[in-house]
Each structure stands twice: as C-alpha cells, then as structure tokens.
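The values are calculated or read from the model by the stated rules, or taken from the named source; none is laboratory data. The model shown is predicted, which means the values in this text are computed figures rather than measured ones. No Cβ is skipped: glycine too gets one built from the backbone with ideal geometry, and neighbour counts run over all protein chains shown.
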Amino acid sequence: MRLIVCGCLAIFTIAAQAADLQLRLRDAAGDAASDTVVYLVGRQALSADRRFTIRQKDKRFIPAIAVVQAGTTVEFPNEDQVSHHVYSFNRPNAFELPLYRDDLVPAVRFDEPGIVVIGCNIHDSMLGYIVVVPTPHFGITDAGGELRLTGLPAGRYRLHAWSPRLDPLNAVALGPVDIGGRDLSLQLALDRRLRSAPAPGGDDALAWDEY
Amino acid sequence: MKHGLLLLGLACASAIAGEIDRHRLVIGADLALVAAGSELPSWLHHGNGKLRFDGDHDGLRPSRLFADYRGRLTPNWFLHAVVNFNDTVSEKLDLTEAYLAWRPLPASAWRLRGRFGAFYPRLSLEHGEPAWSNRYALSASAINTWIGEELRTLGLELTLSRRLQRHPQHQLSIEGAMFFGNDPLGGLLAWRGWSAHDRQTGLFGKVPMPTVSVIEPWREDGQPPARFPPFEEVDHRPGFYAGASWQWEERLRLKYFFYDNHADPEAETANGLYAWETWFNHLGLQLALPAGFGLLAQWLDGKTRMGEDLGPWRVQDLLFDASYLALTRRFGEHRLTARYEWFDLQPYNDPPGITNQDKGNVLAVAWLYRFRPTLRIGAEYLRIESRHCRQAACAWVFHGLPRDTTEDRVQLTLSWEFTAGRRR
C-alpha cells in the first residue's frame, strides 16, 4: 500500500515539480573539486533497501570512495587470489567481514549515516571510504568538479560535501539550497584547499606491502 | 632456545591445525648457471673468496630449494614456517623462519601486531615473501646478505602502527623486540668479511669459515672455527631492537632501526663458541621516483667485539658499516635493477694497520623476467672489489693473499615457484 502511494506521489512530483541540479564545485584555491561526494539532505532522513558492491581487486577497494543511502547493503566480493580481512572500526558502523567460503559473498548493511573508513587487516595499504547518507540524492563530482543530480523533488535541502582530501572524518556543510520546479545550476567553492590527489600507481617498481 | 621455540610453535600449530581454513604452501627451486671469476676459493669452501661460487664450484648447479608455509590458525593468528635446503655438508634441510604472527582486528586507528618465534626483523628492502626471496636481483646487497647469514630474531616482537586519521596519506609505526639466540652475531663478519649472495643460514645451520680470518684477531683464541653456528644462546642475556618508520602513500617509506644483542663478549660455550657484543644503527629508504623508477637505499653502521679485554681493545674489536643504492624499474614482466654498494670493516684502534681491513664496493646489474606465472629467468653481473690492507702490507698479505681483490661473476638463474593451497 505504501509502495503504491509513494509511487503515485513520485509520478505526481515528477510531473509537477522535479528538477535537476547541476553543480560545479571548486576548492578555496579555485581548483576543481574532483572525486568529491556531494549530497542533499531534505527535511526528513530517508533510508532505502538498496544494494551496492565494493570489490577487492589487486589489493585495492574498487571503488575506493563509495556513497550509499542509509539502509543499503554493501557486498564485498574478493577478486584477488589472496585473502582479505575487511573491517572498519568507525562506530556506529563498525564491522568485520567474517571468514567466508569462496562461494559466499559477504555483505554488510549500513543503517546509520556517517563516514565508514574501511581497511584490510592483512594488507595495511588498502584503504577505502563508505559515506552513508540519509538521502537518495547524492553523487560524486567528476574530474572537472561537476555533478548533475536529477529528479530532485521540490523543497529545501542542506547541501554537504565530503572528500578524504578535505576532512576524512567529517562532511562539510555548504548551506541550504531550494529546489523549485526549474533546473538549477550552482557554482560553489569550498572554504579550504583540497589536498592534491595521490600519484597514480608507478608501474609497481617497488613493493609496498608489509612483509 | 631454538628447540624450545620450535616445539612450542609446533604444539600450538598442531593444537589448532584442525581449524586451519586458509593456508598457502609455496615451493620453489632455483637452477643457476654461473661463471665465477675470482682468484680465491669461495668462503663456502674455506677459502677467502667473497663469492658464493668459485672456479671449482660454478657451472650449472641447483642453487636454491625452499618450502614456505603460511596458515591462518584463527582470524587473528597465523603460523609461518620456511624450510630451505642448504648446499652445505650437514643441516641440509633447515628452517630459516618459524613463528606465530598475531594480528588482532583494530578497534581504533591504532594497529597492534606481534610475532613470536624465529623470524627476520623488517630490515631488508630487497626481500619479501615467499621465503624471504629477493625481488630485485639474484644477489642481495652486503647488508641484507649479512642479515640472511647470521641475523635472526628468536623472540618476541611487537609493532604499533597508525594511519593518521586527518592525514590518511601518512602511516607511522614503531616496533620493539626482545630476543635470545643471536649471540655469535658479528663473528661471520669478522672472520669472513662482507659478501653478496643469496644464501640464507638455517636456524640450526653452521656456516663454513675461511681458514684465514679477514680481520686478524689479537690473540690465537680469536681465530675462526671450521664451521660457525650463528644462532646460539651463549650468555643467557636477552638482546633487543627498536624501530620507527614513516610511510607516505606509495611514494616513500623511511625507517630507522637500532639493534643491540647485548651479549657478554667474554662469554663462551663449553665448545669454545664466543658471544659477540654487537650493535648497529640502520636506516632504510624506499622511494618512488618519476618515470616509473624506484629507489632503494639502506645504510648500516655498528660495532662488534668478542673475547677478553686486552687493554686497548678486545681479542676482536671491530667497526663496520655498509650502504647501497639500488635503482629499479619494471617493463611489463621484465625488471632491471642496478645496485652500487660501499662496505667497510675496520679493527677498532689499530694504529699500525696490521690486522687488515675489509673495505670495498659492490656493483650488481640484474635483469629478471617472469615469463610464466611459475617461472622466472634472471641474469646478473656481480663485481666485488675489496682492499684488505690499510697500509702497503698487513696480515692478509703475510698469509699469501692478494692485497686488493676483484671478484666477479655472471649468473643465469631459472626460478620455479609453485603455490598450493586455497587462498593465500
């Protein structure tokens, strides 16, 4: 019943007042804020039963930065020949992937909004982030700092940004934004510089795993 | 001491063996084709040559055989054991490492780890798993060769590390260990001098010694035995080491390490094996360079002494230092590495310069090519130049040996490595 009601509301909203937000984000030095998580939180926190996948491949998490809505179940398939012992100690989302057989893909459900830093207890270099947000309206900026969020219902939202190159533990509030019936284009600047992105892997000249 | 640790390790392992759910066994063998150019017979055959091979012992020969086992006993405990087959007269099959590793799940940004048993401290930048194998060349640098020959931790090591939460590109760690069973450390250096090769000494192994000591001892009882066991407890005093390291992403790793076996230089066993009081500082740097190049550098500086205090010095009383720079680059499945080294071994307080020195350089250029998942071929040119006298003549020359030596060798090695077991 609720599903049908929601469906009707959604159709009504789309027909009447859904809009797109085109966002261009820069840091305090004027450089494009690339690979930055951006999300809009409305009046109510919203959860949903969704699924997402973070792979372990070549001793890395792919994607290294993930943003999911609260209530999402994240699967962690291991595509490497080595074992990985994935965990996070960030409360309230702390977890540990139990020993699993090759035919089972472990999954963890994240109900609480927050930053979840994930690592591997066997390979210290492995580092990833899951940003759990109380909204379905989120995305990650591209190399040019641009992001388009579509189908936003009308209303007032609070805009947040997060990047490990900004503050790995806290999202940054960028202020309120009102979505009306028309598409909106915004250019925003962060109040700090983004630390430069890590150099891409140098052709494996050296071994960095702990012996 | 060693036997006790071994029994304890095996007891723990067998008690939990039924629950091992992740294990990995790696077996490897090397076949080498060597052309050795040295006028001196190898120290392995009681000569004074620095190379592992010599004119009478080169050509086509098996050069390595090992089995490396790692098992996950519980989610937090691992067992690691490495067996090597040696080309010496006895102790042919020997353990080079056997230890329990403890890795509890971190409850915060701090990570505490431990190792208990017999293992290599984390010093070498050239070696890694499996079986403490050289990733970059066929021979190890003088520093790491020495570690493989007569240095091993038989004890307990704890490491505390942290990835900085607000600056996650940086990881810091400190480590400390208490150990027994490495009292003779320094003897091989004093009697045989520095070398560069790929041979590791097993825990129960004895290393052959040259008949003429590289540094002439001040008394007869300081001469080398025919065979020398580096892993013995002589004075029942523990040694310790401590280290601190910083890693910045995969760009740089810098580590400082201090070691002191705290041995009593006047202690000796009933068999006449002396303890050598040895300590050293060590610095290691691993740096990613532009254009896909990598730089490795290690530096070591220390002192070792043994025997009665004769006034100005002990029977053997030495200062040693060594360093190297290695440049490496991968080209797909090929790897090229060039390494240049400096080594020095000086008797402490020898004004007339009669007891020799061991001072020189090493050049190594290696090409490695992994042409199959289990097969790797390598070729390396190695040259060791040493100068044995501070003055025009010294004890070395009086024994009929050449004052300055240049030893080189070309080696081609086929390495086979097979991994069995479920996920590593």
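List the strands (runs of 3 or more DSSP E) that sit entirely inside segment A:36-96 and contain at least 2 residues that are among the hydrophobic types (A, V, I, L, M, F, W, C).
Ranges flagged: A:37-41, A:60-62, A:65-69.
Anything in segment B:350-395 that is farther than 23 Å from B:Ala196 by Cβ and among the small types (Gly, Ala, Ser)? List them, or say none.
B:Gly353, B:Ala392, B:Ala393, B:Ala395 - these are the residues of segment B:350-395 that are farther than 23 Å from B:Ala196 by Cβ and among the small types (Gly, Ala, Ser).
Only one of (1) among the aromatic types (Phe, Trp, Tyr); (2) surrounded by 15 or more Cβ atoms within 10 Å (Cβ to Cβ); (3) within 14 Å of chain A (Cβ to nearest Cβ) fails for B:Trp279. Which number is that?
(3)
Tell me, yes or no, whether segment B:384-397 has at least one residue that is touching a residue at least 40 places away in the same chain (Cβ under 8 Å), at negative phi and assigned to a strand (DSSP E or B).
Yes.
Okay, residues lined up against (1) crowded, with 17+ Cβ neighbours inside 10 Å; (2) away from chain A (no Cβ under 14 Å); (3) in contact (Cβ under 8 Å) with a residue 12 or more places away in the chain; (4) in contact with a Phe, Trp or Tyr (Cβ under 6 Å, 6 or more places away or on another chain):
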{"site": "B:Gln247", "(1), (2), (3), (4)": "yes, no, yes, no"}
{"site": "B:Phe258", "(1), (2), (3), (4)": "no, yes, yes, no"}
{"site": "B:Glu268", "(1), (2), (3), (4)": "yes, yes, yes, yes"}
{"site": "B:Tyr324", "(1), (2), (3), (4)": "yes, yes, yes, no"}
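Could you tell me which of the residues A:Asp183, A:Asp178, A:Asp191, A:Asp142 is more than 14 Å from chain B (Cβ to nearest Cβ), at pLDDT 90 or above and under 30 Å from B:Trp248 (Cβ atoms)?
A:Asp142
Quick one: what pairs do we get from segment A:117-134, first residue within 11 Å of chain B (Cβ to nearest Cβ) and closer than 18 Å to A:Arg51 by Cβ, second among the small types (Gly, Ala, Ser) and assigned to a loop (DSSP other than H, G, I, E, B), C-beta under 9 Å, 6+ apart or different chains?
Close Cβ pairs satisfying both conditions: A:Gly128/A:Ala64.
What residue, of A:Leu194, A:Leu149, A:Leu169, A:Leu188, is of a type outside the set (S, T, N, Q) and in contact with a Gly (Cβ under 6 Å, 6 or more places away or on another chain)?
Just one listed residue meets the conditions, A:Leu149.
Would you be able to say whether some residue in segment B:409-417 is within 30 Å of A:Ala205 (Cβ to Cβ), within 14 Å of another protein chain (Cβ to nearest Cβ), assigned to a loop (DSSP other than H, G, I, E, B) and in contact (Cβ under 8 Å) with a residue 24 or more places away in the chain?
No, because not a single residue in segment B:409-417 is within 30 Å of A:Ala205 (Cβ to Cβ), within 14 Å of another protein chain (Cβ to nearest Cβ), assigned to a loop (DSSP other than H, G, I, E, B) and in contact (Cβ under 8 Å) with a residue 24 or more places away in the chain.
Please specify each residue of segment B:30-88 satisfying the condition of being at positive phi and in contact (Cβ under 8 Å) with a residue 60 or more places away in the chain.
Correct list: B:His46 only.
How about segment B:147-185: which of its residues are basic (Lys, Arg), within 9 Å of chain A (Cβ to nearest Cβ) and surrounded by fewer than 22 Cβ atoms within 10 Å (Cβ to Cβ)?
B:Arg166
Evaluate segment B:121-142: report whether one residue or more is assigned to a loop (DSSP other than H, G, I, E, B), more than 11 Å from every other protein chain (Cβ to nearest Cβ) and under 21 Å from A:Ser83 (Cβ atoms).
The answer is yes; a qualifying residue exists.
A quick yes/no check of all residues on (1) in contact with a Lys or Arg (Cβ under 7 Å, 6 or more places away or on another chain); (2) assigned to a strand (DSSP E or B); (3) closer than 14 Å to A:Tyr39 by Cα:
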| position | (1), (2), (3) |
| --- | --- |
| A:Val116 | no, yes, no |
| A:Tyr129 | no, yes, no |
| A:Ala143 | no, no, no |
| A:Gly151 | no, yes, yes |
| A:Leu159 | no, yes, yes |
| A:Leu166 | yes, no, no |
| A:Gly175 | no, yes, yes |
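Inside segment B:212-264, can you point out the residues that are assigned to a strand (DSSP E or B) and over 30 Å from B:Leu287 (Cβ atoms)?
B:Arg227, B:Phe228, B:Gly239, listed by residue number.
Residues B:Phe78, B:Phe119, B:Phe53, B:Phe66: which one is in contact with a Ser or Thr (Cβ under 7 Å, 6 or more places away or on another chain), surrounded by 19 or more Cβ atoms within 10 Å (Cβ to Cβ) and at pLDDT 90 or above?
Among B:Phe78, B:Phe119, B:Phe53, B:Phe66, only B:Phe119 is in contact with a Ser or Thr (Cβ under 7 Å, 6 or more places away or on another chain), surrounded by 19 or more Cβ atoms within 10 Å (Cβ to Cβ) and at pLDDT 90 or above.
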